[in-house]
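J.: My structure is below; once you've seen it, I'll send some questions.
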Amino acid sequence: DAPTLNNRGVVLSKLGRHAEAIADFTASLSLTPRNPDVLRNRAEAYEALGALNDALADLTRAVEVRPNDPDLLARRGLVLAKSDRLESAIAALNRSLELQPDRPDRLQDRGIILGRLGRHRQALADFDRALELTPDVPALIYNRACALSLLGRKEEALHEIRRAISIDADYREMAAEDEDFGNVRQDARLGPRFSQIVGRA
């Protein structure tokens, strides 16, 4: 029956057997064609195989059935972003955040996409709001540093780089190579401090 096929597909996906999972999800959908949960599951399997257009088609169908589901909207937004359809991705995440405003993960996702569009001031606002909700998350601090650097606020960016690295040393290597910090790296006054922080002095 449809639930059994879906459940087996979920297990197969967890095992990395995505093509077999898709076959089970497809069989389940032949019995319940508009089940948004199965559509989402199949979309995730398609995404794992790099079939983004198929994933997007399933998520679009799922959202048509359940238009006010913030999780589905956010998932669709992330697949749109992977497909370089950034404005559409922002629209999907906007709707998701209208329904669930206090989701730091989605604020971060939207901030990253806004940054890809060069809208660094808006990205910074999203990272700031996410940090209000979940302080001291190094990924958010690091993304905030990137936005500050790209806005020319280099001193603040340097402070945030140091803060992210103090929480998670893995960000040291990332910052050392990140092009977003090019202006900090090349600054006559701040460059040496940057090098010292990232261990490249």
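The values are calculated or read from the model by the stated rules, or taken from the named source; none is laboratory data. Values in this document were obtained by computation on a predicted structure and should not be read as measured data. Note that we place each Cβ from the backbone using ideal geometry, even for glycine, and neighbour counts take in every protein chain shown. For the accessible areas, the whole protein counts, side chains as well, though only heavy atoms, and no ligand, DNA or RNA atoms are used. Shrake-Rupley method; radii C 1.70, N 1.55, O 1.52, S 1.80 Å.
J.: Run the dipole for segment 65-147 about the Cα centre, Lys and Arg Cβ at +1, Asp and Glu Cβ at -1, nothing else charged, and hand back the magnitude in debye, nearest 20.
T.: On the way: 14 positive and 12 negative charges, 66 e Å.
The dipole of segment 65-147 has a size of about 320 debye.
J.: Once segment 1-127 is represented by equal point scatterers at the alpha-carbon sites, with solvent omitted, what log10 I(q)/I(0) does the Debye formula produce at q = 0.11, 0.13, 0.19, 0.20 Å⁻¹?
T.: -0.40, -0.54, -0.97, -1.04
J.: Also: Could you compute the net charge surrounding Val63? Neighbours are other residues with a C-beta less than 12 Å from the C-beta of Val63; K and R count +1, D and E count -1.
T.: Working: positive: Arg34, Arg40, Arg61, Arg66, Arg75, Arg76, Arg95; negative: Asp58, Glu64, Asp69, Asp71.
Value of the local net charge: +3.
J.: Okay, next question. Taking only C-alpha pairs under 8 Å that are 6+ residues apart, what is the relative contact order of segment 31-107 in percent? Show your work: numbers first, answer last.
T.: Working: 88 pairs, mean separation 18.4, N = 77.
About 24 percent, as a whole number.
J.: For Leu107, what charge total do you get from the other residues with a beta carbon under 12 Å from its beta carbon, if Lys and Arg give +1 and Asp and Glu give -1?
T.: Values: positive: Arg103, Arg106, Arg110, Arg129, Arg144; negative: Asp102, Asp105, Asp109, Asp126, Asp128, Glu132.
Net local charge, Leu107 excluded: -1.
J.: Here's another thing I want to ask about it. Along the Cα→Cβ direction, 7 angstrom out, place labels at Ala139 and Leu49. What is the inter-label distance in nm?
T.: It works out to 2.7 nm between the two label points.
J.: With the contact rule set at Cα under 8 Å and sequence spacing of 6 or more, what percent relative contact order holds for the chain? Walk me through the intermediate numbers first.
T.: Details: 273 pairs, mean separation 19.6, N = 201.
Contact order relative to length: 10 percent.
J.: Next question. In Å², and per residue, what accessible area does segment 1-50 have when probed at 1.4 Å with the other protein chains present? Could the numbers behind the result be given before it?
T.: Numbers: 2670 Å² over 50 residues.
Counting only protein heavy atoms, the per-residue value for segment 1-50 is 53 Å².
J.: Roughly how many percent of the accessible protein surface of the chain is carbon and sulfur, given a 1.4 Å probe and a whole-percent answer?
T.: Values: 4970 of 10070 Å².
Answer for the chain is 49 percent, counting heavy atoms of protein chains only.
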